[in-house]
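The values are calculated or read from the model by the stated rules, or taken from the named source; none is laboratory data. Only a predicted model underlies this, so the values are computations on that prediction, with no experimental measurement involved. Quick reminder, even Gly has a Cβ in these numbers, built from the backbone with ideal geometry, and neighbours come from all protein chains shown. For accessibility, only protein heavy atoms count, side chains too; no ligands or nucleic acids. Shrake-Rupley method; radii C 1.70, N 1.55, O 1.52, S 1.80 Å.
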Amino acid sequence: MGTADCQNPYYSANTIASAELDFPDKNQPDEAAASNLVAKVLRFGSSLWRFIRPYSMTQPFTASICLFARVLVENRQLFQWSLLFKAFLGLISVVLAFVYLNGINQIFDVEIDRINKPYLPLPAGDFSLKQAWSVTIFSVIFSVSTGLLILRLMNADLITTCLYGVWVLAATLYSVPPFRVKRDPVLTAILLSLSSICNYIGVLYATITSLGLPFQWSPPNVFIVTYSTLFLSVIFLIKDIPDIEGDTKYNIRTFAAQFGPKKIAFLGTSIILLTYAGAIVAAIYMPQAFKSYIMLPAHSIFALWLLFEARKLEKANYVMEASTNFYQFLWKLLMLELLLFPFI
């Protein structure tokens, strides 16, 4: 190479450009690996989120807050800021138990869900059974045991702890073989109703006793426990309408599979309308316990809205999409009732 060539600016520029082309950036493989790792983590996180199904915890979360708020409204003079800390711990114990319950239900329903809910991570293949079991076993160790530990830290008495344990046990028996109570519609109705009663009474009892008061069945408490138990029983009936095909194939004899969606939807709608009628009657005949100016218009509107949605379901001939929408609508109605409870 001559001295003139080395001093040629075009030669130098071309040489540098060629060198850059001939020797790729050594950081590129590392960047690609990092990008791939981030994508895997995000994909796993999305699948885990869908497996845990945190949106299913909205109802018990809201119920716990509203029941707690109602007790405080009735006993304002006993309020202490430390109660909010205890309430927060109680909410954590409820949420942690739901992580376990959602996981165990999906694992034992994976074959049915391939037909009824193919979008869930297990039937969709986004989550393996090994991963699902790992998460669920971890939640058994962490969620349930931590929940009981939290109750202990709250100085919860034996009754509160037993109600919590019965609630978790009942939901477990619903899904897990050899019990798998969901195969029997009568036992399912009894077990799920028991589970909901334990949940609501447990929150009310824990809140009232944390104030140093004896537990009493006030008219509002009787109303919300009775109303919620009947309403949840209807929801558990209606939820089986979109799942008729898969339940029938795997010999899960739900009421919807045996009697058909039309009869079950009519039965469920009738029961809820009766609860609204009962709420209106209670407001009229027990003005000292309930605020009629809230109870009467609210439950009249709820009843009319329910009839409108039931009519839409009938016109849609109870197809899966319409049945699912109606099922989700019932959850909204229950949430509205819970949000109304502290003010009635």
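The table below lists the values:
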{"item": "Under the Karplus curve 6.51 cos²θ - 1.76 cosθ + 1.60, θ = phi - 60°, whole-Hz ³J(HN,Hα) for the stretch 337-344, x wherever Gly or Pro sits", "result": "5, 5, 5, 7, 4, x, 9, 8"}
{"item": "Part-to-part distance (alpha-carbon centres) for the stretch 159-216 and the stretch 260-303, which is given in Å", "result": "24 Å"}
{"item": "The stretch 144-291, Cα convex hull volume normalised per residue, Å³", "result": "125 Å³"}
{"item": "List Glu309, Glu337, Glu111, ordered by accessible area with a 1.4 Å probe, largest first", "result": "Glu111, Glu309, Glu337"}
{"item": "Cβ crowding within 10 Å averaged over residues, with 202-211, 219-228 ranked highest first", "result": "202-211, 219-228"}
{"item": "Two-site label geometry, Leu267 and Arg253: point separation in nm, points 7 Å out along Cα→Cβ", "result": "1.4 nm"}
{"item": "For peptides 176-182, 279-285, sequence by mean Cβ density within 10 Å, most packed first", "result": "279-285, 176-182"}
{"item": "Cα→Cβ-extended label distance, 7 Å offset, between Thr209 and Met320, nm", "result": "4.5 nm"}
{"item": "For the chain, accessible area per residue (1.4 Å probe, heavy atoms of protein chains only), Å²", "result": "54 Å²"}
{"item": "Dipole axis of the stretch 75-142 (+1 Lys, Arg; -1 Asp, Glu on Cβ), positive-most option in Gly125, Ile112, Asn102", "result": "Asn102"}
{"item": "FRET efficiency, 1/(1 + (r/R0)^6) with R0 41 Å, evaluated for Leu187 and Lys312 via beta carbons", "result": "0.80"}
{"item": "Karplus-derived HN-Hα couplings along the stretch 191-198 (A = 6.51, B = -1.76, C = 1.60, θ = phi - 60°), whole Hz, x at Gly and Pro", "result": "5, 5, 5, 4, 4, 5, 4, 4"}
{"item": "Relative contact order [Cα under 8 Å, 6+ residues apart], the chain, whole percent", "result": "18 percent"}
{"item": "HN-Hα J in Hz across the stretch 118-132 - Karplus 6.51, -1.76, 1.60, θ = phi - 60°, x for Gly and Pro", "result": "x, 7, 5, x, 5, x, 6, x, 7, 9, 7, 4, 5, 5, 4"}
{"item": "Shape box of the chain [Cα atoms, principal axes, largest first, Å]", "result": "111, 52, 43"}
{"item": "Nearest-10 value in Å² for the accessible area of Phe308, using the 1.4 Å probe", "result": "120 Å²"}
{"item": "Relative packing of 235-246, 185-196, which averages over residues the other C-beta atoms within 10 Å, highest first", "result": "235-246, 185-196"}
